[in-house]
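Okay, structure first, notes after.
The values are calculated or read from the model by the stated rules, or taken from the named source; none is laboratory data. Note that this is a predicted model, so its numbers are computed, not measured. So basically every Cβ, Gly included, is an ideal-geometry build from the backbone, and we count neighbours across all protein chains shown. Accessible surface areas use protein heavy atoms only, side chains included; no ligands, DNA or RNA. Shrake-Rupley method; radii C 1.70, N 1.55, O 1.52, S 1.80 Å.
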Amino acid sequence: MSEFYFMDGKYVEAEKAMIPIRTHAFLYGTAVFEGIRAYWSEEEKQLYVFRAKEHYERLMRSAKIMHMESPYSVEEYCDITKKLMAKNNYRQDAYMRPTLYKSAQKVGPGLYDNEDSFAIISNKMGDYIDTSKGLKVCVSSWRRNSDNAIPPRAKVAGSYANAALIKTDAHNAGFDDAIVLDEAGQVTEGSAMNLFLVQNGKLVTTTKTDNILVGVTRNTVMEIAKDLGIESEERTVDRTELYISDEAFYCGTGAQISPITSVDNRQLGNGQVGPIAKELQKLYFDVVKGKIEKYKHWCMPVY
């Protein structure tokens, strides 16, 4: 059975969803996108799309930065997504990538006189990162692109060349991923996910103005941490704090909650997945599968 994508206002078979090779977004990376997960609840026989509303609100903020006109409202985006997932009849965890892109077939980087189009691709997806074990990471020699260059606050397709270089060099050096500094040498986030440290029982993460993508999962972590009585602090983070923290973990739609057990070959804590990361991870997976009533409004049922 063929999977379906949403493109140009229609649900089309995946193998028929194509764009012309001269499409501006392909030539120049002029697209904004979101990554959204859906989680299958075997107990309820229900597929829950997690925080779709918040993802589409961020898509519209990215679009504004990139001189794009959104063709749909947040509510319409959510409805389109729900119908697409139902049409694909997923009965397991899945992923979707809504993309708003410049679709003029022209050469030249300008965002003006350049129409906007929208598409969603989707597929079945389990864990993007092995969340059961600790990650071995390094500090990247690459720097995060800044707000006055290609703003990380906007989820722009072209800016992920930065993440690609960071991830690839870390992998080739024998690490699972990397932590990225800005041009001033301060910590920002991971290659393509936010970062939390644990210091004396408290979560520490970089601020919204530290050249990060302000993550939906980042917000989720801070909200559910309250339920566990864990305080969160947003502030500037020095590189050396990475080495002396008790725990660390990445978070993001793809990464979910992925514990880190060493940074630049320096062991964190006892070198095992820390208790706070483990506890947050367990609660997070209950939340996304609709098991926690307090947060069930974040879970959009498909069926």
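Determine, yes or no, whether LYS10 is touching a Phe, Trp or Tyr at 6+ places or on another chain (Cβ under 7 Å), of a type in the set (D, E, K, R) and surrounded by fewer than 17 Cβ atoms within 10 Å (Cβ to Cβ).
Taking the combined requirement at face value, the residue does not satisfy it.
Please work out which one of (1) in contact (Cβ under 8 Å) with a residue 60 or more places away in the chain; (2) in contact with a His (Cβ under 8 Å, 6 or more places away or on another chain) is the condition TYR112 fails and give its number.
Among (1) in contact (Cβ under 8 Å) with a residue 60 or more places away in the chain; (2) in contact with a His (Cβ under 8 Å, 6 or more places away or on another chain), TYR112 violates only (1).
Among the residues of the range 270-281, is any open to solvent by 10 Å² or more (accessible area, probe 1.4 Å), touching a Gly at 6+ places or on another chain (Cβ under 6 Å) and at negative phi?
Looking for residues that are open to solvent by 10 Å² or more (accessible area, probe 1.4 Å), touching a Gly at 6+ places or on another chain (Cβ under 6 Å) and at negative phi, one finds at least one in the range 270-281, hence yes.
Need at least 1 residues that are touching a residue at least 60 places away in the same chain (Cβ under 8 Å), of a type outside the set (A, V, I, L, M, F, W, C) and closer than 24 Å to TYR295 by Cα per element, so show me which strands (runs of 3 or more DSSP E) inside the range 1-88 make the cut, counting only ones lying wholly within it.
Strands (runs of 3 or more DSSP E) meeting the threshold: 36-41, 46-50.
Go through MET85, MET96, MET125 for me and flag whichever is at pLDDT below 95, open to solvent by less than 60 Å² (accessible area, probe 1.4 Å) and within 24 Å of PHE50 (Cβ to Cβ).
After ruling out the rest, the residue left standing is MET125.
Out of all the residues in the range 42-51, is one or more surrounded by 14 or more Cβ atoms within 10 Å (Cβ to Cβ) and either over 22 Å from GLN256 (Cα atoms) or of a type in the set (Gly, Ala, Ser) (or both)?
Within the range 42-51, none of the residues are surrounded by 14 or more Cβ atoms within 10 Å (Cβ to Cβ) and either over 22 Å from GLN256 (Cα atoms) or of a type in the set (Gly, Ala, Ser) (or both).
Could you grab me the full set of residues in the range 248-265 that are under 17 Å from the mean Cα position of the chain (by Cα) and in a loop (DSSP other than H, G, I, E, B)?
THR253, GLY254, ALA255
Tell me, which residue of the range 266-280 that is in a helix (DSSP H, G or I) and among the aliphatic types (A, V, I, L, M) is nearest to LEU47 (Cα to Cα)?
Filtering the range 266-280 for residues that are in a helix (DSSP H, G or I) and among the aliphatic types (A, V, I, L, M), the one nearest to LEU47 (Cα to Cα) comes out as LEU280.
Here is a list: LEU283, LEU203, LEU213, LEU242. Which entry is in a strand (DSSP E or B) and in contact (Cβ under 8 Å) with a residue 24 or more places away in the chain?
LEU203
Identify, by number, the condition in (1) touching a helix residue (DSSP H, G or I) at 6+ places or on another chain (Cβ under 8 Å); (2) open to solvent by 60 Å² or more (accessible area, probe 1.4 Å); (3) not aromatic (Phe, Trp, Tyr) that GLY229 doesn't meet.
Unmet condition: (1).
Of the numbered conditions (1) part of a helix (DSSP H, G or I); (2) among the basic types (Lys, Arg); (3) modelled with pLDDT under 95, LYS167 fails exactly one; give the number of that condition.
Just one mismatch for LYS167, condition (3).
Are any of the residues in the range 285-295 out of contact with any Cys (no Cβ under 6 Å at 6 or more places or on another chain), closer than 30 Å to TYR243 by Cα and surrounded by fewer than 20 Cβ atoms within 10 Å (Cβ to Cβ)?
Yes, the conditions are met somewhere in the range 285-295.
Mind listing whichever residues of the range 61-75 are within 18 Å of the chain's Cα centre (by Cα) and open to solvent by 40 Å² or more (accessible area, probe 1.4 Å)?
ARG61
Looking at PHE175, PHE196 in this structure, which one is open to solvent by less than 60 Å² (accessible area, probe 1.4 Å), at pLDDT 95 or above, over 19 Å from the mean Cα position of the chain (by Cα) and among the aromatic types (Phe, Trp, Tyr)?
PHE175
For the condition surrounded by fewer than 21 Cβ atoms within 10 Å (Cβ to Cβ) and more than 27 Å from TYR48 (Cβ to Cβ), what is the one hit in SER140, SER159, SER132?
SER159
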